[in-house]
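Below: one structure, written as structure tokens.
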Amino acid sequence: QVAAALKEGHVTPTELCQRCLSLIKSTKFLNAYITVAEETALKQAEASEERYKKGQPLGVLDGIPIAVKDNFNTAGIETTCASNMLRGYISPYNATVVQKLLDQGAVLLGKTNLDEFAMGSGSTDGVFGPVRNPWSYSRQYKEKSVPKSHSEDKEPDWVITGGSSGGSAAAVSSFTCFAALGSDTGGSTRNPAAHCGVVGLKPTYGLISRHGLIPLVNSMDVPGILTRCVDDAAVVLGSLAGHDPKDSTTIQDNFKPFELPNLTDVSKLSIGIPKEYHAPGLSSEILTIWSKAADLFENAGAKVVEVSLPHTRYSIVCYHVLCTAEVASNMARFDGLEYGHRSDMNESTESMYAATRREGFNDVVRGRILSGNYFLLKQNYEKYFIKAQKVRRLIANDFVKVFRSGVDVLLTPTTLSDAAPYVEFIKEDNRTRSAQDDILTQAANMAGLPAINVPTVLSERGLPVGLQFIGRSFQEQQLLTVAKWFEKQVQFPMIQLEEVNRHDHGVFQHQKSASFS
């Protein structure tokens, strides 16, 4: 809609950019952004405006304000991974996905907050502080939450965004941008999308280039897409997908961007409900919503079948071993010599390495490095790493068998419950939380399959709940078509951000009309 408004001249790229920048300032309390590239963004918007005046826009994304998670390299803009290790680091090049967006004329507003090096499921563990979920300040949540005291100015218990791409999800949810990039290694795009009431797409492994995404787990990392509707996710995917000579794991075939059809007949669809996703800790509320969604498909004429993915129960342990092993390997590059933080300790090279890593990494990152190196020790390699690789193959084969049986798309919960209040969330350590929060999402990463979170309904607490669709490898068009049909049926409500209205003197109203006219 906003692309059409730009094309027809109802709004200019500069006006749109200024509105978003103004909103970023008025929603600063959310802590969604680490860096706001105001000057660069306005220059890009002006260049876009010139192209529109000449009638030569670069594409549907020309002039559209976007945000990028701060673990993608951006030339000339600081890339920190929310860590002291990279604070002040400015990359000499753009990640391929960032470059593709800029080549399409998108306007880069800034870099979004995350868990340090994307290790976490709450966006609470970065050095720049936790991200607050915009829904904490929504009328829907406030009406349902009972204040603990009668004090009027007591701040409500704000809830987490989920993670690790919480900054990107909060940015899209609070209208400060129209789309954002996240990364997804075990659910880091879908988890915050579910908690923030936005669409979160994790494409098939190899469909989008990882070049310039600072690696966490090379064999599972995928750039993720966060938008406010499924159609927008398809548009962004069309701009990003395809072969990249700089990333040998990308597909060789050309990718043809697609427009999503309006599905009217779902009678030919077979929807699989994996029984293993009725996992320990799944709230009764989410279970009810999941069942209702299955009924929705069945009542519309689709075939809904219960399926089994028997190795799912081993997946989180398997994921932990493989994830930490690759983390240990990837983090070895941060030694204080080439880039990033360097300690003043100069007794010996070894002491400088050790001090640099102690000062640069937080406990979570150091803990994962230690675990990973333990699993990779000569005496443990076969017992842990090789065994985990074999289990990973069994997990991938489970999905292959189910899809071969005629199932088109799997329907599962994305998270075990709605977003937790920050004060509750931080009572547990990062490893325990990640093991709980990734349980429903990481299997898709291990199998390399496309998966999408679709915001479904508000919980009894007035917070978003999303459901996940998992598709066949490289069948994004089918997956997104089903997700779009579901999105249309559930009619997820729009966030009513009173706090923003109060902060920004009506900018938010313009934003709404620009995006939802």
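Can you give me the % of accessible surface on the chain that is carbon or sulfur? Probe 1.4 Å, all protein chains present, nothing else counted.
Answer for the chain is 51 percent, counting heavy atoms of protein chains only.
Please return the longest stretch of the chain lacking exposed loop sites, where GluC sites (Glu not before Pro) count only if DSSP places them in a loop and at most 12 other Cβ atoms lie within 10 Å.
9-151
Please report the spacing between the Cα centers of the range 1-19 and the range 89-121 in Å, no decimals.
The two parts, judged by their Cα centres, are 23 Å apart.
Taking 0.36 nm per intervening residue step and subtracting the Cα-Cα distance, what contour gain separates Asp247 from Glu338 on full extension?
30.6 nm
How high is the relative contact order of the chain, given as a whole-number percent (alpha carbon pairs under 8 Å, six or more residues apart)?
The value is 19 percent.
With the calculation restricted to Cα positions, what are the radius of gyration and Dmax of the range 137-289 in angstrom?
Looking at the range 137-289, its Cα Rg and Dmax stand at 18.8, 62 Å.
Filter the trypsin sites (Lys or Arg not before Pro) in the range 221-319 to those in DSSP coil with at most 16 other Cβ atoms within 10 Å of their Cβ, and list the result.
Loop-located and lightly packed - Lys246, Lys268.
Near Lys144, which lysines are there with a Cα under 30 Å away, not counting those fewer than 8 places off in the same chain?
Once the sequence-local lysines are set aside, what remains near Lys144 is Lys25, Lys28, Lys154, Lys292, Lys427, Lys484, Lys488, Lys512.
What lysines sit close enough to Lys378 to cross-link, taking a C-alpha to C-alpha distance under 23 Å and skipping anything fewer than 8 places away on the same chain?
Cross-link targets: Lys387, Lys390.
For the range 243-257 and the range 411-441, what is the separation of their Cα centres, given in Å?
Taking the Cα centre of each part, the range 243-257 and the range 411-441 sit 34 Å apart.
Quick one: what do you get for the range 396-473 if you divide its Cα Rg by 2.2 N^0.38 Å?
Here the Cα radius of gyration is 1.28 times the empirical estimate.
Report the equivalent ellipsoid semi-axes for the range 328-487 in whole Å, largest first, defined as the square roots of five times the eigenvalues of the gyration tensor built from alpha carbon atoms.
38, 23, 15
List the aspartates and glutamates whose Cα lies under 13 Å from the Cα of Lys111, skipping any in the same chain that are fewer than 8 positions away.
Correct list for Lys111: Glu38, Asp70, Glu78.
In Å², what does the accessible area per residue of the chain work out to with a 1.4 Å probe?
Per residue, the chain has an accessible area of 41 Å².
If one puts a single equal scatterer on every Cα of the chain and applies the Debye formula without solvent, what log₁₀ I(q)/I(0) results at q = 0.07, 0.09, 0.11 Å⁻¹?
Taken in order of the listed q values, log10 I(q)/I(0) reads -0.35, -0.59, -0.91.
The values are calculated or read from the model by the stated rules, or taken from the named source; none is laboratory data. Bear in mind that the values here come from a model prediction, so they are computed numbers and not experimental data. Cβ: placed from backbone, ideal geometry, glycine included. Neighbour counts: every protein chain shown. Surface areas here come from the heavy atoms of the whole protein model, side chains and all, with no ligands, DNA or RNA. Shrake-Rupley method; radii C 1.70, N 1.55, O 1.52, S 1.80 Å.
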